[in-house]
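Q: Please find one structure pasted underneath; my questions will follow.
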Amino acid sequence: MSEPFIPFVKPDIDEETIAGVVDVLRSGWITTGPQNQKFEAALSDYVGGRPVRTFNSGTATLEIGLRIAGVGPGDEVITTPLSWVSTSNVIYEVGATPVFADIDPVTRNIDLDRLEASITPRTKAVIPVFLAGLPVDMDRLYAIAQHYRLRVIEDAAQAFGASWGGKRIGALGDIVSFSFHANKNLTSIEGGALVLNNADEARLAEKYRLQGVTRTGFDGMEVDVLGGKFNLTDVAARVGLGQLARIAEFTARRRVIARRYFDGLRDGAAVRAGVELPVADFENSNWHMFQIVLPLERLRMTRADFMSALKDRGIASGVHYPPIHLFKLYRERGFGPGMFPHTERVGASIVTLPLFTQLSDADVDRVVAAVNDICERRTS
Ligand SMILES: *Cc1c(COP(=O)(O)O)cnc(C)c1O
């Protein structure tokens with residue numbers, strides 16, 4: 001193969017950030033400390049001054065977000081079955097019960113009509129996911145939440161840099177959870193952050209983050225909450241700071257790439273064969289991913305065949321996500337095939353194409369040509 005392999009994602013860490021990490025390593029303070037304070041302050045600025053606390057993952061943030069919202073045994077939490085499995089695992093983690101509502105097959109996000117229809121007297125909270133960085137209709141979501149008095153923990157793991165009606169995701173709403181995993185638009189290698197409503201919630205977040213500890217004076221310490229070990233290292237926070245300085249640039253580049261995908265795919269063999277493109281949102285979405293849904297029957301191939309054909313052309317791809325309710329853990333808890341047909345169809349046929357800031361225009365054109373070529377061959 002003459003052309004270089006195109007991965008489907010690759011973090012963009014600049015030399016200034018690498019030098020900054022080296023400084024932190026040499027500073028003598030490598031775990032949670034001054035870099036975290038800076039990172040939390042900068043994130044808070046970014047979301048309009050709301051309190052922000054950092055964590056070591058975007059799973060810890062979801063779980064602690066639920067605890068702060070008072071979700072526990074006996075409560076139901078409504079979410080989407082098309083997400084990374086941590087979105088619903090955390091509901092079991094806090095002793096509550098996940099209730100899934102099927103997706104809208106166009107946006108691939110939770111269908112808010114179905115969400116509303118799933119509300120019962122036991123519903124305490126909802127966890128909407130902004131798949132690929134496309135927000136749900138936030139006005140409608142919060143109208144529902146207000147009407148039924150529900151807490152919202154936004155799983156905005158993929159939505160850092162996205163917005164709604166000109167406002168940044170994180171700057172509006174209830175509790176907002178971000179992930180800074182290596183594949184996300186802003187990374188701290190591993191990490192996450194919670195945007196909270198007030199100082200009390202921020203204090204509680206700090207306790208859940210570190211063994212429930214409150215320190216007083218030079219030598220005092222109290223523990224009054226069962227917390228865990230979820231703090232972010234200063235090395236990680238320094239990486240996050242370097243990324244945050246470039247988030248506007250990152251999002252702009254991702255939008256250019258997404259546009260190029262649309263331009264190349266819209267009138268090509270793939271769409272003629274029935275490939276479904278994402279919603280063309282260039283206002284709100286941060287284009288965390290560019291995902292296509294394959295017409296597997298018309299192509300007479302499996303998704304694995306399609307991904308393998310891309311690989312043969314030097315292109316990596318991904319699957320985000322298999323339906324959560326079909327995993328064994330969930331089947332053993334009463335979920336099963338046929339319950340969420342849109343999620344099952346999309347989950348079985350969705351493919352994530354390469355999208356990262358350093359992907360060149362020529363790389364995008366190569367991916368477009370490959371997708372069109374595979375579809376052309378399979379339908380002619
Ligand atoms: C990445 C991700 C998470 C979990 O974040 P981690 O930092 O990997 O724990 C949760 N939900 C969604 C939708 C994600 O994409």
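Q: Using a Cα-Cα cut-off of under 17 Å, which aspartates and glutamates could be cross-linked to LYS207, ignoring same-chain neighbours fewer than 8 residues away?
A: Within the straight-line limit of under 17 Å, LYS207 reaches these aspartates and glutamates: GLU40, GLU63, GLU222, ASP224.
Q: May I ask for the equivalent-ellipsoid semi-axes of the range 110-171, computed as the square root of five times each C-alpha gyration tensor eigenvalue and listed largest first in whole Å? Could you put the intermediate results ahead of the total?
A: Values: eigenvalues 88, 25, 21 Å².
Over the Cα atoms of the range 110-171, the ellipsoid semi-axes are 21, 11, 10 Å.
Q: Would you calculate the separation in nanometres between label points at VAL106 and ARG122, each defined as 7 Å from the Cα along the Cα-to-beta-carbon direction?
A: 3.4
Q: May I pose another question? Take the Cα of ARG259, step 7 Å along the line toward its Cβ, and report every residue of the range 289-333 whose backbone nitrogen sits under 11 Å from that point.
A: The answer is none, because no backbone nitrogen lies closer than 11 Å to the label point.
Q: Provide the FRET efficiency to the nearest 0.05 for the GLN37-PHE5 pair, computing r from the beta carbons and using R0 = 35 Å. Walk me through the intermediate numbers first.
A: Details: r = 40 Å, r/R0 = 1.15.
That gives a FRET efficiency of 0.30.
Q: Okay, next question. For the residue pair GLU15 and ASN197, what label-to-label distance in nm results when each label sits 7 Å from Cα along the Cα-to-beta-carbon direction?
A: Once both label points are built, they end up 4.8 nm from each other.
Q: Something else: Between ARG215 and THR379, how high is the FRET efficiency from 1/(1 + (r/R0)^6) when r is the Cβ-Cβ distance and R₀ = 56 Å? Nearest 0.05.
A: On the way: r = 66 Å, r/R0 = 1.17.
Between ARG215 and THR379 the formula returns 0.30.
Q: In addition: Have a look at the DSSP beta bridges in the chain and tell me what percent are antiparallel, nearest 5.
A: Details: 22 of 37 bridges.
Antiparallel bridges: around 60 percent, rounded to the nearest 5.
Q: Please name whichever of TYR261, LEU329, SER317 sits farthest to the positive end of the charge dipole of the range 247-378, dipole taken about the Cα centre and charges placed at Cβ: Lys and Arg +1, Asp and Glu -1.
A: LEU329
Q: Highest mean first, how do 117-123, 368-374 rank when packing is the count of other Cβ atoms within 10 Å averaged over residues?
A: Order by mean packing, descending: 368-374, 117-123.
Q: Which value in Å does the Kirkwood hydrodynamic radius of the range 21-90 take, with 1/r averaged over all unlike C-alpha pairs and then inverted? Don't skip to the answer; put the middle values down first.
A: Working: mean 1/r = 0.0678 Å⁻¹.
After inverting the mean inverse Cα-Cα distance, the result is 14.7 Å.
Q: Using 7 Å Cα-to-Cβ label points, what is the ILE247/ARG272 separation (nm, one decimal)?
A: Spacing of the two 7 Å Cα→Cβ label points: 4.3 nm.
Q: Over the range 165-299, what relative contact order in percent results from Cα pairs under 8 Å that are six or more residues apart?
A: Relative contact order comes out at 18 percent.
Q: Next question, about the same structure. Quick one, can you get me the convex hull of the C-alpha atoms of the range 149-212 expressed as volume per residue in Å³? Before the final figure, lay out the partial values.
A: Working: hull volume 6.3 nm³, N = 64.
That works out to 98 Å³ per residue.
Q: Turning to a different aspect of this structure: Taking the Cα centre of the range 70-193 as the origin, how large is its charge dipole in debye, to the nearest 20, when only Lys and Arg (+1) and Asp and Glu (-1) carry charge on their Cβ atoms? Write down the numbers at each step before the final one.
A: On the way: 10 positive and 14 negative charges, 48 e Å.
For this selection, approximately 240 debye.
Q: Calculate the FRET efficiency for ARG140 and LEU25 from the Cβ-Cβ distance with a Förster distance of 51 Å, rounded to the nearest 0.05. Don't skip to the answer; put the middle values down first.
A: Numbers: r = 47 Å, r/R0 = 0.92.
Once the sixth-power term is evaluated, E becomes 0.60.
Q: Given only helices, namely DSSP H runs of n ≥ 4 each adding -39500 (n - 2.57), what is the per-residue ellipticity at 222 nm of the chain, to the nearest 500 deg cm²/dmol? Could you put the intermediate results ahead of the total?
A: Numbers: 15 runs with 151 residues, N = 380.
My calculation for the chain gives -11500 deg cm²/dmol from helical runs alone.
Q: Considering Cα pairs under 8 angstrom that are at least six residues apart, work out the relative contact order of the range 247-378 and quote it in whole percent. The partial results should precede the final answer.
A: Working: 155 pairs, mean separation 48.5, N = 132.
About 37 percent, as a whole number.
Q: Okay, moving on. Kirkwood hydrodynamic radius of the range 112-228 from all distinct Cα pairs, in Å? Don't skip to the end; give the middle numbers.
A: Numbers: mean 1/r = 0.0626 Å⁻¹.
Kirkwood radius, the range 112-228: 16.0 Å.
Q: Take GLN358, project a point 7 Å from its Cα along the Cβ direction, then tell me which residues of the range 289-317 have their backbone nitrogen under 16 Å from it.
A: Taking a point 7 Å out along Cα→Cβ of GLN358, the residues of the range 289-317 whose backbone N falls under 16 Å are 316.
Q: Once each part is reduced to its C-alpha centroid, what is the distance from the range 20-89 to the range 163-185 in angstrom?
A: Centre-to-centre distance over Cα atoms comes out at 11 Å.
Q: Using the Kirkwood formula on the Cα atoms of the range 247-378, what hydrodynamic radius do you get, in angstrom to one decimal?
A: On the way: mean 1/r = 0.0636 Å⁻¹.
That comes to 15.7 Å for the range 247-378.
Q: Another question, if that's okay. Exceeding 24 Å between C-alpha atoms, which entries from my cross-link table qualify? They are LYS124/LYS184; LYS229/LYS328; LYS38/LYS229; LYS184/LYS328; LYS10/LYS311; LYS184/LYS311. Walk me through the intermediate numbers first.
A: Values: LYS124/LYS184 29 Å; LYS229/LYS328 28 Å; LYS38/LYS229 20 Å; LYS184/LYS328 27 Å; LYS10/LYS311 17 Å; LYS184/LYS311 22 Å.
Violating the 24 Å limit, Cα to Cα: LYS124/LYS184; LYS229/LYS328; LYS184/LYS328.
Q: Considering every Cα-Cα pair within the range 15-244, what fraction, in whole percent, is farther apart than 28 Å?
A: On the way: 7537 of 26335 pairs.
Above the 28 Å cut-off, the range 15-244 has 29 percent of its Cα pairs.
Q: Size of the dipole of the chain about the Cα centre, Lys and Arg at +1 and Asp and Glu at -1 on the beta carbon, nothing else charged, in debye to 20?
A: Values: 42 positive and 46 negative charges, 87 e Å.
I would put it at about 420 debye.
Any read-out appearing in this document is the output of simple, stated calculations on the displayed coordinates, not a laboratory observation. All of these numbers come straight from a predicted model, not from anything done at the bench. No Cβ is skipped: glycine too gets one built from the backbone with ideal geometry, and neighbour counts run over all protein chains shown.
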